[in-house]
Amino acid sequence: MTVDSFAGKLAVVTGGGSGMGRELARQLAAQGCSVAACDLNAGAVAQTAAMARAAAPPGVRVTSHACDVAEEAQVLRFRDELLEQHSRGHVDLVFANAGIGGGGSFISDPREEWERTFAIDWWGVYHCARVFLPLLIESGDGVLVNTSSVNGFWASLGPGMPNTAYATAKFAVRGFTEALIEDLRVHAPHVRVAVVMPGHVGTDILVNSFRARGLPDPEHMSDAQIKEVIPRDAQAALIRAGALAEGASADELRQMLVRANTDFRDKAPVSAAQAATVILDGVRAGAWRILIGEDAKMIDAAVRAKPEASYDYTELFSGLTPGASSTGT
Ligand SMILES: NC(=O)c1ccc[n+]([C@@H]2O[C@H](COP(=O)([O-])OP(=O)(O)OC[C@H]3O[C@@H](n4cnc5c(N)ncnc54)[C@H](O)[C@@H]3O)[C@@H](O)[C@H]2O)c1
């Protein structure tokens, strides 16, 4: 089932205040699609809406909403607000894109951090499906687009970088989305689903993840907060990797985090705008599995070719282009 055009449709975008969500909202609006975007950060998503409106053809309505997708009551309120503001009884597209990183170690990271990450990355997607699937069924040709990650089929970020909460949630998102394919064929054949699995995409996900956990931006973190976000074992791994000097001060750790965010955003192989274009092209073409970036494609191929070697990184990536194991979240 392909989509000829997004013009005249209504799309819901979660996590619309930054990165891929912001670019999805902008590109959809520019293509004549009305958008209801939500985010934890109300100011950022309002800014997205203003940008999207500025480049949209007449008749396109873009609204912004404050919402924590981890809370079902807030997603229900978001639904009620957008239906009223767009004067519609259904939606045509839902991009369950909001997500954060964190809870890398099940053993040493705080339980609250693990559960906050899982609540946003899994329950956020689940709540959006619960709340919006009936409205997609009401549409003649609804599409639900859930964002997973390469960590939805490969549960690591590479040597010394456990990623347990995120990978658990992203595997769940992929499994749920794939399971919905058959469910929809049986119960709502005019609706389809797609799962997005990005590799490294240049966004501010690092600092936004701190914010979603109630922390300030790195430059304003106290020494205690810095030590919480880069615990001793993470510091040791960074020292081993040559990314941090032995005995680094809290200030140096702070600067390292600021640099890490900037580098993650600015040195990525794929920009957020390019990623959004890949997602929209995939939806238009009727794809159910949308990989973003050469790194995602390489990891996908490697894990399929040698599943037993998935966590033996040298073996997994032997024979592939160097750098294939360096990925996003
Ligand atoms: N950037 C990458 O390399 C990468 C790789 C794979 C997957 N992803 C996934 O892509 C999606 C978009 O990420 P991004 O890189 O554009 O990040 P981003 O931080 O730039 O944008 C995510 C947005 O989601 C918002 N958000 C966070 N928690 C929320 C909540 N509870 N409710 C509502 N909004 C919330 C943030 O405030 C932010 O504006 C995420 O699901 C992420 O896990 C990103």
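The values are calculated or read from the model by the stated rules, or taken from the named source; none is laboratory data. Since this is a predicted model, take the numbers as computed values, not measurements. Here the Cβ positions follow ideal geometry from the backbone for every residue, glycine too, while neighbour counts run over all protein chains shown. Note: areas computed on protein heavy atoms with side chains; ligands, DNA, RNA excluded. Shrake-Rupley method; radii C 1.70, N 1.55, O 1.52, S 1.80 Å.
Below are the figures for this structure:
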{"quantity": "Single residue of 181, 120 found to be buried (at least 16 other Cβ atoms within 10 Å of the Cβ) and modelled with pLDDT of 95 or more", "calculated": "120"}
{"quantity": "Which numbered condition residue 179 fails, given (1) within 16 Å of the ligand (Cβ to nearest atom); (2) part of a helix (DSSP H, G or I); (3) among the small types (Gly, Ala, Ser)", "calculated": "(1)"}
{"quantity": "The listed residue being more than 7 Å from the ligand (Cβ to nearest atom) and open to solvent by less than 20 Å² (accessible area, probe 1.4 Å), out of 186, 191, 201", "calculated": "191"}
{"quantity": "Residue list for the range 211-247, filter: modelled with pLDDT of 90 or more, of a type outside the set (Val, Ile, Thr) and away from the ligand (no atom under 16 Å from the Cβ)", "calculated": "219, 220, 221, 222, 223, 224, 225"}
{"quantity": "Matching residues in the range 53-71 - criterion: being touching a helix residue (DSSP H, G or I) at 6+ places or on another chain (Cβ under 7 Å) and of a type in the set (Gly, Ala, Ser)", "calculated": "55, 56, 64, 66, 70"}
{"quantity": "Single residue of the range 137-183 satisfying the filter (of a type in the set (A, V, I, L, M, F, W, C) and out of contact with any helix residue (DSSP H, G or I) (no Cβ under 9 Å at 6 or more places or on another chain)) that is nearest to residue 91 (Cα to Cα)", "calculated": "181"}
{"quantity": "Residue list for the range 12-37, restricted to those being open to solvent by less than 40 Å² (accessible area, probe 1.4 Å), assigned to a helix (DSSP H, G or I), among the aliphatic types (A, V, I, L, M) and more than 7 Å from the ligand (Cβ to nearest atom)", "calculated": "24, 25, 28, 29"}
{"quantity": "Unique residue being of a type in the set (A, V, I, L, M, F, W, C), farther than 30 Å from residue 232 by Cβ and without any contact (Cβ under 8 Å) to a residue 40 or more places away in the chain when the list is 69, 60, 75, 3", "calculated": "60"}
{"quantity": "Count of the range 283-318 residues which are open to solvent by less than 10 Å² (accessible area, probe 1.4 Å), touching a strand residue (DSSP E or B) at 6+ places or on another chain (Cβ under 8 Å) and either assigned to a helix (DSSP H, G or I) or of a type outside the set (A, V, I, L, M) (or both)", "calculated": "2"}
{"quantity": "Top-ranked residue of the range 146-155 - restricted to ones that are open to solvent by 10 Å² or more (accessible area, probe 1.4 Å) and more than 7 Å from the ligand (Cβ to nearest atom), ranked as nearest to residue 303 (Cα to Cα)", "calculated": "153"}
{"quantity": "Any hit, the range 190-203, residues being basic (Lys, Arg), touching a residue at least 40 places away in the same chain (Cβ under 8 Å) and in a helix (DSSP H, G or I)", "calculated": "no"}
{"quantity": "Subset of the range 76-130 (residues that are acidic (Asp, Glu) and either in a helix (DSSP H, G or I) or within 9 Å of the ligand (Cβ to nearest atom) (or both))", "calculated": "80, 81, 84, 112, 113, 115, 121"}
{"quantity": "Filter result for residue 40 (crowded, with 19+ Cβ neighbours inside 10 Å and closer than 17 Å to residue 145 by Cβ)", "calculated": "no"}
{"quantity": "Test: residue 174 is in contact (Cβ under 8 Å) with a residue 12 or more places away in the chain, in a helix (DSSP H, G or I) and either of a type in the set (Asp, Glu) or within 13 Å of residue 288 (Cβ to Cβ) (or both)", "calculated": "yes"}
{"quantity": "Of residues in the range 43-67 being within 9 Å of the ligand (Cβ to nearest atom) and of a type in the set (Gly, Ala, Ser), the one least open to solvent (accessible area, probe 1.4 Å)", "calculated": "44"}
{"quantity": "Count of residues meeting criterion [part of a helix (DSSP H, G or I) and open to solvent by 60 Å² or more (accessible area, probe 1.4 Å)] in the range 212-242", "calculated": "9"}
{"quantity": "Which numbered condition residue 171 fails, given (1) farther than 23 Å from residue 282 by Cα; (2) open to solvent by 10 Å² or more (accessible area, probe 1.4 Å)", "calculated": "(1)"}
{"quantity": "Selected residue (criterion: modelled with the highest pLDDT) from residues of the range 251-281 that are open to solvent by less than 30 Å² (accessible area, probe 1.4 Å) and away from the ligand (no atom under 14 Å from the Cβ)", "calculated": "280"}
{"quantity": "Subset tally (residues that are open to solvent by 20 Å² or more (accessible area, probe 1.4 Å) and either under 15 Å from the mean Cα position of the chain (by Cα) or modelled with pLDDT under 95 (or both)) for the range 128-145", "calculated": "2"}
